[in-house]
Amino acid sequence: MHDELDEALRLPERAVKEILPRVVIVGGGIGGTAAARALKKTPVEVLLIDRRNHYVFQPLLYQVATSVLSESEIASPIRQLSDSQENLSVIMGEVVGVDTAGREVVVDCENQSARRVPYDFLILATGTHPTYFGNDRFSEFAPGLKTLTDARRIRDRILGAFERAELEDDLNEQKRHMTFVLVGGGPAGVELAASLAQMTATTLRSNFRRIDPSSASIILLEGGKSILPAYGDELSEKATAQLKKIGVEIRTGVMVENIDADGVVAAGVRIPSSTVIWTAGVKPFPLGDWLGAKTDRAGRVLVGPYLEVPGHMEVFAIGDTAGVLQDNKPLPGVAQVALQQGKYVGNVIADRVRGRVGAQPFRYNDKGNMAVVGKNFALLQTEKMHTSGFVTWLIWAFIHIMSLPHAQNRIRVYTQWFWWYFTGQRSSRIIAEPEAVLSKGQKPLPFEPH
Ligand SMILES: Cc1cc2nc3c(=O)[nH]c(=O)nc-3n(C[C@H](O)[C@H](O)[C@H](O)COP(=O)(O)OP(=O)(O)OC[C@H]3O[C@@H](n4cnc5c(N)ncnc54)[C@H](O)[C@@H]3O)c2cc1C
């Protein structure tokens, strides 16, 4: 059944020796890799397709953007998974459609015409990308934070802004370069703002001669009435107080009206800035269109109790791209949901392949949400407990180190954190595209659409 394709994709001989049911997984992020691992001992052929060659632990992207960590410390090649999993093959390519009637996904592989890849089971775990709520022109001036490229470009912009400020004679322009605006008061905006504030106050403090980096303005804009609304009033207030303590200015209840090369207009007020970062929203890839399936208001595919796409018991959607109601509330787009759903779907498929029936519907076990507000301060919200402070920060650090993909990532991050904690130094202060930063007239850096 799969002979032609196997030849085309040059799958290793071990995978085609016997005809096994093929599970195609689209997306090698948190959900997709969890599903692949759950199928390790199942007699199936697993084909994992991702448009990137690497897995990224997104919760630490903000630390790459603010120079604490480097790209490779929070990422790993997806292909490395096949070292320890015989039944897994990895393809780098972009899936551009699904033919549910023919049971094939359409893959656009670099420099080759589109290929059709047959599946017996399909798991869609394509995640989300930043959305500008219809104002796509903002993306040129205000990158979102979703990929390693985004994080590197944000780092370039931040470090480049200080370099420009150091060279600038006009005090207004200098102030503009030293004003950083973050749009969106969710966890990503809060974490980024806090880390940036601490970078200016410590790491960069004595590195310049004409400017004082600790006088930089970091402004966090939020359209709602408070930051981190999902964490409840008490933790939101604590996070606000902590951010203010480290020098972040918070403006709530303000809607962004325009973003251009000179800065931001919010609630009718222009804020001159050469660095604007967008963390206000994400949306899923258009799986609903591919599958002809219903989506929720956020664009996520509405799935059934086994995370199957209605009408297609062999197709599953998981993680940020799936809309699941539990106790009449939509599940949040967080790592734990993707991880648990990936494992669950892998087990459902394993049961079906082995002829076992009677799987229980998926139920998310909420272990709580965490957010970090700079060094030494984190928040934890569970159903029974709301807590914050230094001990919570230690728990946050431990959980995040343990969630990294491989031992090599854990050791490297631990070492970097140790050095950063005790010296204040951030070793990844590299401007990767200096040409763009130094361009006369401070043109916006090229931004790759998602
Ligand atoms: C900046 C940031 C901070 C975050 N912080 C936290 C946090 O502190 N705690 C928390 O719990 N969650 C956090 N999250 C959310 C968490 O990372 C996501 O919920 C989780 O990654 C979702 O997993 P997923 O498998 O659904 O998608 P992802 O992990 O995003 O993986 C999707 C994969 O699909 C691939 N892909 C997409 N489209 C295609 C296509 N057409 N063809 C082939 N491949 C494709 C992508 O390249 C990617 O590898 C954060 C997210 C971001 C962006």
Some residue of region 269-279 being surrounded by fewer than 16 Cβ atoms within 10 Å (Cβ to Cβ) and small (Gly, Ala, Ser): no
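Tally up the residues in region 308-323 that are assigned to a loop (DSSP other than H, G, I, E, B) and surrounded by fewer than 24 Cβ atoms within 10 Å (Cβ to Cβ), please.
Residues in region 308-323 being assigned to a loop (DSSP other than H, G, I, E, B) and surrounded by fewer than 24 Cβ atoms within 10 Å (Cβ to Cβ): 2 in total.
Name the single residue, out of those in region 327-350 being away from the ligand (no atom under 16 Å from the Cβ) and at pLDDT 95 or above, that is most open to solvent (accessible area, probe 1.4 Å).
Here the answer is 347.
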Criterion (of a type in the set (Val, Ile, Thr), out of contact with any helix residue (DSSP H, G or I) (no Cβ under 8 Å at 6 or more places or on another chain) and within 21 Å of residue 380 (Cβ to Cβ)) met by exactly one of 252, 240, 202: 240
Answer residue from region 327-367, given it is among the small types (Gly, Ala, Ser) and outside any helix (DSSP H, G or I) and is nearest to the chain's Cα centre (by Cα) among those: 333
Residue under evaluation residue 100, criteria (1) in contact with a helix residue (DSSP H, G or I) (Cβ under 7 Å, 6 or more places away or on another chain); (2) within 30 Å of residue 205 (Cβ to Cβ), criterion not met: (2)
Verdict on residue 399 being in a helix (DSSP H, G or I), within 16 Å of the ligand (Cβ to nearest atom) and open to solvent by 70 Å² or more (accessible area, probe 1.4 Å): yes
Region 107-125: number of residues that are open to solvent by less than 30 Å² (accessible area, probe 1.4 Å) and within 11 Å of the ligand (Cβ to nearest atom): 5
Listing of strands (runs of 3 or more DSSP E) fully contained in region 217-307 that carry 3 or more residues being at pLDDT 95 or above: 217-222, 248-252, 256-260, 263-266, 269-272, 275-278
Verdict on residue 163 being more than 19 Å from residue 247 (Cα to Cα), in contact with a Pro (Cβ under 9 Å, 6 or more places away or on another chain) and away from the ligand (no atom under 16 Å from the Cβ): yes
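Do we have any residue at all in region 281-296 that's among the hydroxyl-bearing types (Ser, Thr, Tyr), open to solvent by less than 20 Å² (accessible area, probe 1.4 Å) and touching a strand residue (DSSP E or B) at 6+ places or on another chain (Cβ under 6 Å)?
no
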Enumeration of residues in region 22-69 that are touching a Pro at 6+ places or on another chain (Cβ under 7 Å), more than 10 Å from the ligand (Cβ to nearest atom) and not in a strand (DSSP E or B): 44
Residue selected from region 353-365 under the condition open to solvent by 80 Å² or more (accessible area, probe 1.4 Å) and touching a residue at least 24 places away in the same chain (Cβ under 8 Å), by the criterion farthest from residue 299 (Cα to Cα): 354
Residue 148 in contact (Cβ under 8 Å) with a residue 12 or more places away in the chain, buried (at least 22 other Cβ atoms within 10 Å of the Cβ) and not acidic (Asp, Glu): no
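The values are calculated or read from the model by the stated rules, or taken from the named source; none is laboratory data. Small disclaimer: the values here were computed from a predicted structure and weren't measured. FYI the Cβ positions are ideal-geometry reconstructions off the backbone, even for glycines, and counts take in every protein chain you see. In case anyone asks, the SASA skips ligands and DNA or RNA and just uses the protein heavy atoms, side chains included. Shrake-Rupley method; radii C 1.70, N 1.55, O 1.52, S 1.80 Å.
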